[in-house]
Amino acid sequence: MKRKDIYWTIMLAVIALVSINSSSFAQIGKFGYVDSDKIFAEYKEWIKAQEEFNTEYKAWDEEAKTMQKELEDLVAEYEKQKIVLSVEKKKEREAAIDAKRQALDAFTKEIFGPSGIAERKNSDLVKPLLEKINTSIERVATEGNYDFIYNSTGLAYAKKDFDITDKVLKALEEQ
């Protein structure tokens with residue numbers, strides 16, 4: 001082949017690739033991104049909810065620290081006096097220490113444990129706000145004709161046209 005023919009062949013191939021990529025790119029759709037950290041930092045209702053939660057959390061934490069201090073004081077007093085205490089008094093003090101320790105453990109689990117009061121309170125405050133955020137993302141996506149919107153953790157919105165769940169389920173059933 002002559003140099004001129006090679007040149008035109010390469011040019012046609014490049015033009016074809018650009019055309020294919022352009023049409024493929026147009027079919028991909030419109031993408032967007034949401035900075036979740038910025039929303040959480042600037043959304044006034046979110047900030048108010050976090051302040052409310054932090055206030056309650058601080059109160060629970062202070063109560064736990066007070067209980068812990070009382071337990072430590074009780075143990076320290078017992079350690080100082082146990083040499084002079086009768087067997088009966090030792091048992092009483094040990095029982096009081098054990099009861100205080102159990103009360104602290106129960107309080108800690110009730111407030112800070114899995115599905116505890118703190119977790120439920122945070123969920124009660126945050127859940128409606130997350131629903132508002134998701135509704136707003138969907139509205140912006142629909143109005144802006146976005147096909148996909150991502151956030152820092154993954155997909156935040158996808159146009160229903162791209163949902164292939166039923167096809168996957170059908171393929172699974174056919175296996």
Query - Candidate lysines - alpha carbon under 18 Å from Lys58, same-chain residues fewer than 8 apart omitted - result: Lys48, Lys69, Lys109, Lys121
Report task. Report the paramagnetic label zone for Asp37: residues of the range 138-160 whose backbone N is under 13 Å from a point 7 Å from Cα along the Cα-to-Cβ axis. Result -> 152-153
Query - Those chymotrypsin sites (Phe, Trp or Tyr not before Pro) in the range 113-175 that DSSP places in a loop and that have at most 12 other beta carbons within 10 Å - result: none
Query raised in the report: How would you rank Val84, Val140, Val168, going from fewest to most other Cβ atoms within 10 Å of each one's own Cβ?
Result: Val84, Val168, Val140
Query raised in the report: In nm, to one decimal, how far is the Leu169 label point from the Lys65 one, both placed 7 Å along Cα→Cβ?
Result: 5.2
Query raised in the report: With a sphere of radius 13 Å drawn around the Cβ of Gly32, what net charge do the other residues whose Cβ falls strictly inside it have (Lys, Arg +1; Asp, Glu -1)?
Result: -1
Requested in this report: Just need the relative contact order of the range 124-175 here, percent rounded to a whole number, with Cα pairs under 8 Å and 6+ apart.
Outcome: 21
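Quick note: the coordinates plus some simple rules give every number you see, no bench work behind them. The structure presented is a predicted model; accordingly, all values stated were derived computationally and were not measured. Counting neighbours? That spans all protein chains shown, and the Cβs are built from the backbone with ideal geometry, glycine included.
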